[in-house]
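Enquirer: Input: one structure, supplied below.
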Amino acid sequence: MKLDNAIVLVTGANRGLGQEFARQALAHGARKVYAAARDPGKIALPGVVPVRLDVNDQAQAAEAAAACADVTLVINNAGIASDGSLLDQDSIAAMQRMMETNVYGMLRVSQAFAPRLAANGGGAFLNVLSVASWISTPGLAAYAATKSAAWSVNNGLRIALKEQGTQVLGLHVGFVDTDLTRGIDLPKLAPAEVVARAYAALEAGKSEVLIDELSQNVKRSLSQDPGVYLDLVQRPA
C-alpha cells in the first residue's frame, strides 16, 4: 500500500492521532483524504474532505462508504477510554461503551468499506490498537479488555480479507500524547512519530507494527514464565 496518490479515510480525524494521520497522508502525496468525525464541523485541517461518521451508527457507516466509494485506505483510529477498577459498580456499563466504539465500531466501518476496497484493487485497513491488547493494569482493565478484543477482530479481518487482496495492518503502541492520555503522568510519544512509523510499516507491506519499545518488550515477553501479564499482578504494590 503506497500513500502517494492514495484515497484515504481516517476515523476520529478531528483531533489527536487521527488528525495527524490525515495531515501526514496529505504530506505523503495522498490524492484525497476524507477526515471522518461525529461532528465534521470540528474538522479544522486544511485540504481534507470532512465526512460525518459516528462509528457506533451502522447507517452512518453505510452512508460514508457510499459517499467515499473511491477510498483505497481506511484508518480505523476512532476510540474511547475510561479508567476505573473492574470491581466498580459502573464497570460493565463503561466496558460496554468502550466495546461499542473500540471493537464494534471498528468492525462496522470495516464491513462497510471492505467492498469499496475490493472494488478499488484491494487497498488496506490500518487499525489502531494498543499495548493494552496484551497487558492489563488495574485502572485500565476494562479498556484493555476491549483492545484485546479489537486485536482479535483485527486478526480475523486479515484472514477474511486476504482473498480480496486487502492489507490489514495492526498498530500497537503505548501512551501517545493526545487528549485521551491527558491525565496519565507517564512518558508519551508524539503523534507525529507514531504516524510516521505506522505509515512506513504500511508501505513496507507489514501486518503488524509495534511502534515503541514498550509494545515491543511486552509482546516479546508474553511467552516468558511468568508472563509479563502475570508478573504485573505478582509485584508488590
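Enquirer: Any chance you could look up the accessible area of residue 1 with a 1.4 Å probe, heavy atoms only, rounded to 10 Å²?
Expert: Answer for residue 1: close to 50 Å² accessible.
Enquirer: Quote the relative contact order of the chain in percent (integer), defining contacts as alpha-carbon pairs under 8 Å separated by 6+ residues.
Expert: Once normalised by length, the contact order is 18 percent.
Enquirer: OK, next. Report the semi-axes of the equivalent ellipsoid for the stretch 116-160 in whole Å, largest first, where each axis is √(5λ) for an eigenvalue λ of the Cα gyration tensor.
Expert: Here the semi-axes work out to 28, 9, 7 Å.
Enquirer: Please give the per residue volume of the convex hull enclosing the alpha carbon atoms of the chain, rounded to a whole number of Å³.
Expert: Values: hull volume 28.9 nm³, N = 237.
So the per-residue hull volume is 122 Å³.
Enquirer: Additional query: Run the helix sum for the chain: -39,500 (n - 2.57) per DSSP H stretch of 4+ residues, divided by residue count, reported at 222 nm to the nearest 500 deg cm²/dmol.
Expert: After summing the helix terms and dividing by residue count, I get -12500 deg cm²/dmol.
Enquirer: Provide the per residue accessible area, probe 1.4 Å, for the chain, rounded to a whole number of square angstrom.
Expert: Dividing the accessible area of the chain by its residue count gives 48 Å².
Enquirer: A further question follows. Mind pulling the per residue volume of the convex hull built on the Cα atoms of the stretch 1-74? Å³ is fine.
Expert: 78 Å³
Enquirer: A further question on this structure: Could you state the angle between the C-alpha long axis of helix 141-161 and the longest principal axis of the C-alpha atoms of the chain, as a value from 0 to 90 degrees rounded to the nearest 10?
Expert: That works out to roughly 40 degrees.
Enquirer: State, to one decimal in nm, how far the label point of residue 87 lies from the label point of residue 152, with both points 7 Å from Cα in the Cβ direction.
Expert: 2.5 nm
Enquirer: Give the carbon-plus-sulfur fraction of the accessible surface of the chain in %, rounded to a whole number; probe 1.4 Å, heavy atoms of protein chains only. The partial results should precede the final answer.
Expert: Working: 6050 of 11420 Å².
On the chain, the fraction of accessible area on carbon and sulfur atoms equals 53 percent.
Enquirer: Please report the equivalent ellipsoid semi-axes of the stretch 1-135, computed as sqrt(5 x eigenvalue) of the Cα gyration tensor, largest first, in whole Å. Mind dumping the intermediate values first?
Expert: Details: eigenvalues 144, 48, 40 Å².
Here the semi-axes work out to 27, 15, 14 Å.
The values are calculated or read from the model by the stated rules, or taken from the named source; none is laboratory data. All of these numbers come straight from a predicted model, not from anything done at the bench. Here Cβ is always computed from backbone atoms with ideal geometry, including for glycine, and neighbour counts include all displayed protein chains. Note: accessible area is taken over every heavy atom of the protein model, side chains too, but ligands, DNA and RNA are not part of it. Shrake-Rupley method; radii C 1.70, N 1.55, O 1.52, S 1.80 Å.
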